[in-house]
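Read the structure below first, then the notes.
The values are calculated or read from the model by the stated rules, or taken from the named source; none is laboratory data. The structure displayed is predicted, hence computed values, not measured ones. For the accessible areas, the whole protein counts, side chains as well, though only heavy atoms, and no ligand, DNA or RNA atoms are used. Shrake-Rupley method; radii C 1.70, N 1.55, O 1.52, S 1.80 Å.
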Amino acid sequence: LEESLKEKTGLSKVIVAPSGNDFESTQVSVGKAAADYLNGCLCKNDVLGLAWGMSFKKILPYIKDRSALGITTVQLMGGVATSEFVDPQRIVSQITNRLGARGVLKSVPVVVDSWKIKKALLSDSGVREMMEKVSECTRALMGIGSAIPEESSICRANVVSRGEMLKIHESGAVGDVIGWFIDAEGKVIDTPMNERMMSPAPEVVKQIPEKIIETSGLIKLEPTIAAIRGRWVDVLIIDEELAGAIDKRL
């Protein structure tokens with residue numbers, strides 16, 4: 001399955017983890033595979049971009065200390081959300097601490113209320129360093145969000161309302177990568193959120209040499225295919241059931 005997907009997609013690496021008896025155990029399986037890959041691939045002075053998502057909690061227990069390598073982590077998107085369900089900032093901080101890395105992190109919202117607020121935040125030296133450091137990333141660890149309100153981490157974190165998410169979905173979005181909503185071909189959808197998004201520009205993210213996407217579950221079928229088509233990913237880490245579905249679709 002790994003070789004078939006690699007051949008069909010042109011990705012540099014595909015890692016397929018066993019699917020579990022339920023979604024929770026599947027997430028653990030994929031999380032461990034992602035941690036194992038990180039533990040083995042990180043090199044001296046690597047700059048690792050980190051997004052956030054609920055599935056990244058499953059990676060944490062298996063990450064090894066890499067403090068001897070002098071790694072720097074960079075926050076790839078805003079991490080303040082008004083939800084008790086998910087704490088984005090804490091997830092990024094915990095991964096940074098487990099790696100023994102220096103973190104370029106900043107407490108800013110995922111989406112702000114206006115372009116003027118975003119411009120003001122970008123004038124802050126710490127926020128500016130965080131955004132500029134993304135261009136120095138040698139790798140990035142990201143997830144894929146769903147555009148279906150009930151399955152979207154961004155929606156569950158109260159970054160966007162259910163009504164807003166429905167409109168975004170109806171406009172053609174199948175999922176998101178670090179907050180940028182994409183269509184079935186992986187192209188960024190034009191939404192009112194775009195100019196208020198506290199995430200680096202898509203073209204900056206795509207220039208990162210190794211973009212690692214970790215995701216699981218059949219609900220991520222369309223978003224994952226879109227991310228592949230849009231060149232948002234180089235290394236794909238997924239579960240066997242999802243991998244089989246993608247293989248049949250491509």
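Observations
- Distance distribution note for the chain: the fraction of Cα pairs above 31 angstrom is 17%.
- Considering all C-alpha pairs of region 127-248, those separated by over 24 Å amount to 25%.
- Whole-number accessible area per residue in Å² for region 111-250, which is evaluated in the context of all protein chains at 1.4 Å: 43
- Surface share of carbon and sulfur [accessible, 1.4 angstrom probe, percent] for region 183-239: 49
- Comparing G100, G175, G53 in a Gaussian network model of the chain, where Cα atoms under 10 Å apart are tied by springs, the biggest mean-square fluctuation is seen for G100.
- Each principal axis of the Cα atoms in region 1-67 has its own extent, and those three values, largest first, are 34, 30, 19 angstrom.
- Selected from V28, V127, V204 as most flexible by GNM, with the chain as the system and alpha-carbon contacts under 10 Å: V204
- For the residues D36, D22, D190, a GNM of the chain with alpha-carbon springs under 10 Å puts the largest fluctuation on D22.
- Relative intensity of region 46-174 on a log10 scale, I(q)/I(0) at q = 0.11 Å⁻¹, equals -0.42, per a Debye sum over C-alpha point scatterers of equal strength in the absence of solvent.
- Within the full protein context, the accessible area of K6 is estimated at about 80 Å² for a probe radius of 1.4 Å.
- Relative contact order of the chain, defined on C-alpha pairs under 8 angstrom at six or more residues apart (%): 24
- Computed over region 104-250: relative contact order in percent, which uses C-alpha pairs under 8 Å that are six or more apart: 27
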